[in-house]
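What follows is a single structure, written as structure tokens, with notes after it.
The values are calculated or read from the model by the stated rules, or taken from the named source; none is laboratory data. Since we're looking at a predicted model, the values are computed, not measured. In this analysis, Cβ positions are derived from the backbone assuming ideal geometry, glycine residues included, and neighbour counts consider all displayed protein chains.
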Amino acid sequence: MGASSGGLDIIVLVLARYSDRPVGSFFFILNSIIVVASGLLLDPEKALFTLISIYVTSRFIDTIHTRYVKLTAMIVTKNADKLNKAIHERLTRGITRIPAKGGYTFDEKEMLVIVITRYELYDLKNIVEEVDPAAFTNIVETANIFGLFRKD
């Protein structure tokens with residue numbers, strides 16, 4: 001048995017791109033409107049089962065499609081200049097540099113703070129391992145971003 005999103009996938013991707021919200025949420029909302037209207041006109045029981053199926057599908061889509069998930073990486077390093085250059089060569093993201101001092105060794109270091117998408121995490125990890133394997137990196141999920149953040 002074949003399946004189709006009826007062209008809504010294109011609309012959903014455009015909406016998600018401009019609002020920076022999960023794709024699955026838009027998928028669920030738009031399809032639910034169609035199913036509820038059909039349920040009122042045709043068979044409410046089948047519409048209810050279809051809504052359950054659409055909900056599960058939308059959650060699955062959000063699990064796989066993680067472009068909207070933003071992460072903040074805080075990298076403590078002694079090689080800030082090299083690492084900064086390497087990140088800029090491979091990722092198009094802004095970096096904030098903050099002076100840091102080791103709490104145990106009292107060594108002078110710098111902390112690079114960068115916000116990335118989950119898709120970019122693998123590249124960032126490889127860059128840090130290549131340039132400064134001794135760097136300490138903390139990755140946290142970012143709840144929201146205000147200001148300029150490149151979405152593509």
Q: Taking the residues in segment 56-81 that are farther than 21 Å from ASP132 by Cβ and in contact (Cβ under 8 Å) with a residue 40 or more places away in the chain as candidates, determine which candidate is farthest from the chain's Cα centre (by Cα).
A: ASP62
Q: Return yes when SER53 is of a type outside the set (Phe, Trp, Tyr), under 23 Å from GLY6 (Cα atoms) and surrounded by 13 or more Cβ atoms within 10 Å (Cβ to Cβ) and no when it is not.
A: no
Q. Which one of these does THR92 not meet: (1) part of a helix (DSSP H, G or I); (2) closer than 18 Å to ARG118 by Cβ; (3) assigned by TED's automatic domain parsing to the domain that holds VAL113?
A. (1)
Q.
So, in segment 19-42, how many residues would count as being out of contact with any helix residue (DSSP H, G or I) (no Cβ under 9 Å at 6 or more places or on another chain) and closer than 16 Å to THR57 by Cα?
A. 1
(Q) Quick test for you: out of SER53, SER58, pick the one residue that is hydroxyl-bearing (Ser, Thr, Tyr) and farther than 21 Å from ARG17 by Cβ. (A) SER53
Q) Name the residues in segment 43-80 that are among the hydrophobic types (A, V, I, L, M, F, W, C) and assigned to a helix (DSSP H, G or I), would you? A) ALA47, LEU48, PHE49, LEU51, ILE52, ILE54, VAL56, PHE60, ILE61, ILE64, ALA80
(Q) Just to check your reading of the model, which residue among SER32, SER38, SER25 is over 16 Å from THR137 (Cβ atoms), in a helix (DSSP H, G or I) and modelled with pLDDT under 90? (A) SER25
Q: Count, please, the residues in segment 58-105 that happen to be surrounded by fewer than 16 Cβ atoms within 10 Å (Cβ to Cβ), closer than 30 Å to LEU8 by Cα and β-branched (Val, Ile, Thr).
A: 4
Q. From the residues in segment 111-149 that are assigned to a helix (DSSP H, G or I) and of a type in the set (Phe, Trp, Tyr), which one is surrounded by the most Cβ atoms within 10 Å (Cβ to Cβ)?
A. TYR119
Q. Which condition number does ASN84 fail, the rest of (1) in contact (Cβ under 8 Å) with a residue 60 or more places away in the chain; (2) within 30 Å of PHE136 (Cα to Cα); (3) part of a helix (DSSP H, G or I) being met?
A. (1)
